[in-house]
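These notes concern the structure reproduced below.
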Amino acid sequence: MGMVGGGRGAFIGAVHRMAAALDSEIELVCGAFSSDPEKSRLSGEDLCIDPKRVYGSYKEMIQKEKRLPESKRMDFVAIVTPNHMHFPPAKMALENGFHVVCDKPLCFNMKEALALQKLVEETGLLFALTHNYTGYPMVKQARAMVKNGDIGDIRKIVVEYPQGWLSTKVEDTGSKQAGWRTDPKKSGIAGAMGDIGTHAENLAEYISGLKITEMCADISTFVPGRLLDDDGNVLLHFEKGAKGILHASQISAGEENNLNIRIYGTKAGLQWHQMEPNTLIVRWLDKPVEILRTGVGKLYPEATAHTRIPGGHPEGYLEAFANIYRNFAICLRARLEGKQVDPVYQDFPTVQDGVRGMKFIEKVIASGKSKAKWVGV
């Protein structure tokens, strides 16, 4: 793996590195860790990377890695930069024959997203998007239960992602993470909706198997002087007549990362909380509530295959993130060796999921600004 971004002072880059390393399937061999060449060099030292393979820019990295023998060059690029710098290195990597793992959202705008989707289709290269919450075993159990008809036909989906860390104007205090997320030049047209609203949207579509078809959004910026949204409430229409509610907020004081989802079918309802990820609650229409736990009892193969340790030992954020990297690595290794992959390991978010996320961002902001509230997706 080669990495773009994720140098000193970055948050998500370290998460990607830990996730990629967890299963010993992937080795970080090179990187352009900062737009500042000296900072990139120092970050490479921190990570014990061969100085010859620590680069001053992503362009230099891709060009020089391509010249190396196939057995030595990187196999894929992990992009862990702010939103406005996802597209350029992803495009160049694909054009030069390198597979890609990219942080979400996919791109800065819809034009870039569609161009990237076209390039992935033309090259046939692997592309993974790190919507990491789809990696939890109990999320995969919920998806399998829906797919197999256990809860009946879906009627309603309620998904929420409240945070409280932007309740004040943190971006004015020198916070790097708040700074770029609230800057339209780096984040794009959306703030909270692009940062965490897309996670809620992706989780709802992933578990339910249904795509959003229409939405009606109320988007707000509560903190004075902030340039992008920090709160939003959205009514949703899904395929097959299902209805939903999505709430994403970064000004919900006291909240941490309280992503949660409830899906109600004709036979039962499912409930999952990211801050209690080992538990899936099944509320049956005609029998007592059932509590399913990661690694305990007979679960669907999709859940079991993504469980690492015995029940009662918490598996959390990093393990879920690592499931995406592991599945990507398994698929990439199989491709390089000309082998087939068990479908259970072909499960990771793709460029198509990224395009769905960008459509959500574009339409939710348009709906929030519109007086004619329902906007087709």
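The values are calculated or read from the model by the stated rules, or taken from the named source; none is laboratory data. Just so you know, these numbers come straight off a predicted model, no measurement behind them. With ideal geometry, Cβ positions are generated from the backbone for all residues, glycine too; neighbour counts draw on all protein chains shown.
For residues that are of a type in the set (Val, Ile, Thr) and assigned to a strand (DSSP E or B), scanning just the range 230-265, find the one that is surrounded by the fewest Cβ atoms within 10 Å (Cβ to Cβ).
First pass over the range 230-265, keeping only residues of a type in the set (Val, Ile, Thr): 234, 245, 251, 261, 263.
Now restrict to residues that are assigned to a strand (DSSP E or B): 234, 245, 261, 263.
On the way: 234: 25, 245: 15, 261: 25, 263: 26.
Here the answer is 245.
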Worksheet item: Name the residues in the range 339-377 that are charged (D, E, K, R), under 22 Å from residue 322 (Cα atoms) and touching a strand residue (DSSP E or B) at 6+ places or on another chain (Cβ under 9 Å), would you?
Response: 353
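Evaluate the range 183-190: report whether one residue or more is closer than 19 Å to residue 365 by Cα, at pLDDT 95 or above and either in a strand (DSSP E or B) or in contact with a strand residue (DSSP E or B) (Cβ under 9 Å, 6 or more places away or on another chain) (or both). It would help to see each step written out before you state the result.
Residues of the range 183-190 that are closer than 19 Å to residue 365 by Cα, as a first pass: 183-190.
Still in the running and at pLDDT 95 or above: 183-190.
When the remaining residues are screened for being either in a strand (DSSP E or B) or in contact with a strand residue (DSSP E or B) (Cβ under 9 Å, 6 or more places away or on another chain) (or both), the result is 190.
Looking through the range 183-190, at least one residue is closer than 19 Å to residue 365 by Cα, at pLDDT 95 or above and either in a strand (DSSP E or B) or in contact with a strand residue (DSSP E or B) (Cβ under 9 Å, 6 or more places away or on another chain) (or both).
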Worksheet item: Filtering the range 170-205 down to residues that are in contact with an Asp or Glu (Cβ under 8 Å, 6 or more places away or on another chain) and among the small types (Gly, Ala, Ser), which residue is nearest to residue 270 (Cα to Cα)?
Response: 200
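Is it true that residue 296 is in contact (Cβ under 8 Å) with a residue 12 or more places away in the chain and either out of contact with any Pro (no Cβ under 6 Å at 6 or more places or on another chain) or at positive phi (or both)?
Numbers: in contact (Cβ under 8 Å) with a residue 12 or more places away in the chain: yes; either out of contact with any Pro (no Cβ under 6 Å at 6 or more places or on another chain) or at positive phi (or both): yes.
Here the answer is yes, as residue 296 does meet what is asked.
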Discussion item. Please count how many residues of the range 137-151 are crowded, with 17+ Cβ neighbours inside 10 Å and either part of a helix (DSSP H, G or I) or in the same structural domain as residue 80 (by TED's automatic domain parsing) (or both).
Written reply: 10
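Let's see how each residue does on (1) surrounded by fewer than 17 Cβ atoms within 10 Å (Cβ to Cβ); (2) modelled with pLDDT of 95 or more; (3) assigned by TED's automatic domain parsing to the domain that holds residue 359; (4) touching a helix residue (DSSP H, G or I) at 6+ places or on another chain (Cβ under 9 Å):
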site: 31; (1), (2), (3), (4): no, yes, no, yes
site: 41; (1), (2), (3), (4): no, yes, no, yes
site: 46; (1), (2), (3), (4): yes, yes, no, no
site: 59; (1), (2), (3), (4): yes, yes, no, yes
site: 66; (1), (2), (3), (4): yes, yes, no, no
site: 81; (1), (2), (3), (4): no, yes, no, yes
site: 95; (1), (2), (3), (4): yes, yes, no, yes
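Residue by residue through the range 178-193, note down the ones that are buried (at least 17 other Cβ atoms within 10 Å of the Cβ) and not aromatic (Phe, Trp, Tyr).
First pass over the range 178-193, keeping only residues buried (at least 17 other Cβ atoms within 10 Å of the Cβ): 178, 180-183, 187-193.
The answer is 178, 181, 182, 183, 187, 188, 189, 190, 191, 192, 193.
Would you please name the residue that is surrounded by the fewest Cβ atoms within 10 Å (Cβ to Cβ), looking only at residues in the range 12-24 that are more than 15 Å from residue 103 (Cβ to Cβ) and touching a Leu at 6+ places or on another chain (Cβ under 9 Å)?
Kept after step one, since they are more than 15 Å from residue 103 (Cβ to Cβ), are these residues of the range 12-24: 21-24.
Narrowing the set further to residues that are touching a Leu at 6+ places or on another chain (Cβ under 9 Å) leaves 21-22.
Details: 21: 15, 22: 17.
Among those residues, the one meeting the criterion is 21.
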Worksheet item: Given the structure, is residue 204 of a type in the set (A, V, I, L, M, F, W, C), part of a helix (DSSP H, G or I) and buried (at least 23 other Cβ atoms within 10 Å of the Cβ)?
Response: yes
Fill in: Filter result (within 19 Å of residue 329 (Cα to Cα), surrounded by fewer than 24 Cβ atoms within 10 Å (Cβ to Cβ) and touching a Leu at 6+ places or on another chain (Cβ under 6 Å)) within the range 100-125
104, 123, 125
Discussion item. If the requirement is being within 17 Å of the chain's Cα centre (by Cα), charged (D, E, K, R) and modelled with pLDDT of 95 or more, which of these qualifies: 147, 104?
Written reply: 104
Fill in: Flag for residue 153 being closer than 20 Å to residue 290 by Cβ, of a type in the set (D, E, K, R) and modelled with pLDDT of 95 or more
yes
Response to the item:
When every residue in the range 328-377 that is touching a residue at least 60 places away in the same chain (Cβ under 8 Å) and hydroxyl-bearing (Ser, Thr, Tyr) is compared, the one farthest from residue 117 (Cα to Cα) is 367
Item to complete: May I ask you to list the residues in the range 136-172 that are touching a helix residue (DSSP H, G or I) at 6+ places or on another chain (Cβ under 9 Å) and closer than 22 Å to residue 9 by Cα?
Response: 163, 165, 166, 169, 170, 171, 172
